[in-house]
Amino acid sequence: MTVLQMSLFPGLNEDCSHLILGTLDLPSLLAFSLTCHAASFQMQPYLVKNVHIFGDAHQNRSFCLFVLSKKLAKYIETFRIEHRLGVDEPLTGSYPAVLAEVLFGATNLHSFSITHLATTLFKFEPDIPAALSKAPSLKSLTLTNIDLVALQHLYPVRGLQCLSINKFLLHGYRSTVAAELAKFIAGSADTLTQLELSMTVQSTYEPIASLPEYICPHVRLIRVASRRVFTEYLLYAFPNLEEIHFESELHEDFEFYFSRSDAQSWPHLAFLGGCLDIVRVMTRKHRPPHLAVLFGIDTDEGSRQLLDIVRRCPIISLSFLARFGRLTDSSTASDPSHSFSMAQFLTQLASAAPKMQCLSFFPWFGPHLSCMTVLRELLDSQILHILVSLTSLTCLSLQIFADRLIDDGQVDEPTNVNGYAEQILQVLPNVRYLRLALCTPGRTVGSHYRRPLKRSLTAHADTHGEIVEIFEDEYTKAEEKITGKRGVEFFS
């Protein structure tokens with residue numbers, strides 16, 4: 001009997017075997033492949049299903065040759081390449097051509113990501129972008145370190161849903177770069193739902209997206225990591241946005257546009273992420289129920305501005321980091337320059353957002369209080385009791401930042417985080433999912449929890465009294481049920 005004829009699961013048909021093997025993670029697949037010749041042969045398609053290569057050109061070439069020799073390219077669904085070489089170092093041998101051959105054969109490729117050498121590879125081998133443009137199943141494309149020459153080598157990818165271009169290298173005339181970028185994005189205008197654009201050159205005055213002749217009506221999510229955003233272009237090219245993240249500081253063009261009385265808006269915008277200034281400006285015209293404030297709020301005035309924003313939006317989920325001067329109005333100030341107490345803030349927040357279902361809270365008190373001191377005081381001073389009035393609150397993420405985990409004399413508290421998590425869920429009977437973390441520059445202690453589902457426990461969960469410790473993915477899914485999930489996942 002040859003290897004091709006041997007069955008790993010006698011009595012089961014091929015569909016059942018496929019379902020069983022498809023549930024195994026990579027370590028399990030590797031271990032199973034070492035049990036016998038039949039397993040080694042039949043595991044190969046599953047081992048190359050999700051590929052992440054981190055190596056130099058020689059190592060990447062060896063993998064590609066293996067895939068070609070075993071005729072496995074058609075089984076690759078996600079393909080991520082990270083090179084150790086610098087952007088401008090030449091690639092040796094036949095690696096670019098071999099990679100192009102793999103891509104041409106990867107008929108089931110859904111996601112492709114390449115970092116550091118995207119520009120160089122496209123210059124060395126035009127068949128690589130040609131193969132990507134012809135990949136029939138490609139839905140997600142991530143390119144890092146790309147310039148005008150690489151853009152000009154790219155072809156539109158029909159059917160693309162998710163596009164991420166990071167570390168844009170602005171070589172050549174900026175107006176040409178903007179035009180080529182717009183042309184490439186517009187090539188997927190009929191199917192694109194998610195877009196991420198990042199530029200390393202902050203001084204450019206070219207818009208990151210200028211689409212005067214094209215509209216992408218299906219884009220629901222955009223991430224922008226550039227200070228130069230031409231607001232009118234974004235509004236025109238992506239009229240149906242539901243979620244937008246600005247991962248940079250406010251630019252004067254942005255504030256000027258939304259200060260105008262005739263400023264347009266995104267009518268379907270539901271999720272807004274950005275620094276406090278961007279959120280403040282955007283909520284002049286928008287009322288998104290989901291807000292994420294980046295970069296932290298470091299002043300009392302900033303805390304008041306956030307409360308004003310929350311009062312004018314029908315908040316369902318909120319995420320922010322804020323610095324406070326004290327825990328309660330009567331406690332000793334840890335920082336005299338910050339008079340706003342955490343208790344005062346949470347009281348006003350609960351009043352301003354009575355229908356909130358998800359709260360991600362990152363309190364910070366400067367260098368004066370340790371993580372454990374803050375956590376104990378939150379319970380002992382009944383500060384968290386303030387959130388009891390939020391009867392719809394389902395998910396709570398409490399991540400406490402400090403310079404140190406414990407103060408002198410505190411010896412065992414970090415090992416009892418589960419006990420504190422149980423106390424928090426006892427205080428807040430409506431909260432079903434909890435993320436509790438104590439964060440310092442060198443260490444993070446904590447986990448994710450939920451209330452038991454009746455009396456049954458999942459196989460992967462650990463119990464601690466009245467709570468169940470869970471994986472982060474389960475907590476994330478609970479959040480996504482509230483905040484919504486749009487588009488295709490980017491590579492992390």
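Taking segment 369-391, which residues are under 28 Å from the mean Cα position of the chain (by Cα) and in a loop (DSSP other than H, G, I, E, B)? Once the filter is applied, which keeps residues that are under 28 Å from the mean Cα position of the chain (by Cα) and in a loop (DSSP other than H, G, I, E, B), segment 369-391 yields only LEU390.
Name the residues in segment 426-461 that are at pLDDT 85 or above, in a loop (DSSP other than H, G, I, E, B) and basic (Lys, Arg), would you?
Taking segment 426-461 as the starting set, the residues that turn out to be at pLDDT 85 or above are 426-441, 443-452.
Filter once more, so that each one left must be in a loop (DSSP other than H, G, I, E, B): 428-432, 441, 451-452.
Selection gives ARG432, ARG451.
Scanning segment 318-372 for residues that are of a type in the set (Lys, Arg) and under 16 Å from ASP298 (Cβ atoms) yields ARG323, ARG326.
On inspection, ALA353 qualifies as aliphatic (A, V, I, L, M), more than 20 Å from ARG435 (Cα to Cα) and within 26 Å of the chain's Cα centre (by Cα). Of all the criteria given as (1) surrounded by 14 or more Cβ atoms within 10 Å (Cβ to Cβ); (2) of a type outside the set (Val, Ile, Thr); (3) modelled with pLDDT under 80; (4) in contact with a helix residue (DSSP H, G or I) (Cβ under 6 Å, 6 or more places away or on another chain), the one not satisfied by PHE9 is (1).
Checking GLN264, GLN305 one by one, the residue that is assigned by TED's automatic domain parsing to the domain that holds PHE361 and in contact (Cβ under 8 Å) with a residue 24 or more places away in the chain is GLN305 and no other. Inspection of segment 147-170 identifies at least one residue that is closer than 15 Å to THR120 by Cα, in contact with a Pro (Cβ under 7 Å, 6 or more places away or on another chain) and either at pLDDT below 75 or crowded, with 16+ Cβ neighbours inside 10 Å (or both). Selection over segment 305-324 of residues that are surrounded by fewer than 21 Cβ atoms within 10 Å (Cβ to Cβ) and either part of a strand (DSSP E or B) or over 31 Å from the mean Cα position of the chain (by Cα) (or both) gives a count of 2.
Does ASN166 satisfy the criteria of being polar (S, T, N, Q), within 20 Å of the chain's Cα centre (by Cα) and under 24 Å from ASP190 (Cα atoms)? It would help to see each step written out before you state the result.
On the way: polar (S, T, N, Q): yes; within 20 Å of the chain's Cα centre (by Cα): yes; under 24 Å from ASP190 (Cα atoms): yes.
So ASN166 passes the test.
Using the structure shown, decide if GLU89 is over 27 Å from the mean Cα position of the chain (by Cα) and modelled with pLDDT of 80 or more.
On the way: over 27 Å from the mean Cα position of the chain (by Cα): yes; modelled with pLDDT of 80 or more: no.
So GLU89 does not fit the description; no.
Somewhere in segment 134-144, is a residue assigned by TED's automatic domain parsing to the domain that holds ARG223, buried (at least 22 other Cβ atoms within 10 Å of the Cβ) and at pLDDT below 80? No, because not a single residue in segment 134-144 is assigned by TED's automatic domain parsing to the domain that holds ARG223, buried (at least 22 other Cβ atoms within 10 Å of the Cβ) and at pLDDT below 80. Checking LEU195, LEU211 one by one, the residue that is within 20 Å of ILE146 (Cβ to Cβ), buried (at least 20 other Cβ atoms within 10 Å of the Cβ) and at pLDDT 85 or above is LEU195 and no other.
Output the residues belonging to segment 106-124 that are modelled with pLDDT of 85 or more, outside any strand (DSSP E or B) and not hydrophobic (A, V, I, L, M, F, W, C).
Here is the first cut: in segment 106-124, the ones modelled with pLDDT of 85 or more are 106-114.
Going one step further and asking which of them are outside any strand (DSSP E or B), we end up with 106-110.
Scanning segment 106-124 gives THR107, ASN108, HIS110.
Checking each residue in segment 137-169 for being over 18 Å from CYS216 (Cα atoms) and among the basic types (Lys, Arg) picks out only LYS167.
If you go through segment 358-368 one residue at a time, do you hit one that is in the same structural domain as LEU428 (by TED's automatic domain parsing), in a helix (DSSP H, G or I) and surrounded by 16 or more Cβ atoms within 10 Å (Cβ to Cβ)?
Residues of segment 358-368 that are in the same structural domain as LEU428 (by TED's automatic domain parsing), as a first pass: 358-368.
Among the residues that remain, those that are also in a helix (DSSP H, G or I) are: 366-368.
This time we only want the ones that are surrounded by 16 or more Cβ atoms within 10 Å (Cβ to Cβ), so: 366.
So far as segment 358-368 goes, yes, one or more of its residues are in the same structural domain as LEU428 (by TED's automatic domain parsing), in a helix (DSSP H, G or I) and surrounded by 16 or more Cβ atoms within 10 Å (Cβ to Cβ).
Every residue in segment 62-78 that is out of contact with any Ser or Thr (no Cβ under 7 Å at 6 or more places or on another chain), not hydroxyl-bearing (Ser, Thr, Tyr) and not in a loop (DSSP other than H, G, I, E, B), please. Passing the criteria: PHE63, CYS64, LEU65, PHE66, VAL67, LEU68, ALA73.
The values are calculated or read from the model by the stated rules, or taken from the named source; none is laboratory data. Quick caveat, the model's predicted, so the values are computed rather than measured. Heads up, the Cβs are rebuilt from the backbone with ideal geometry, glycines too, and the neighbour counts pull from every protein chain shown.
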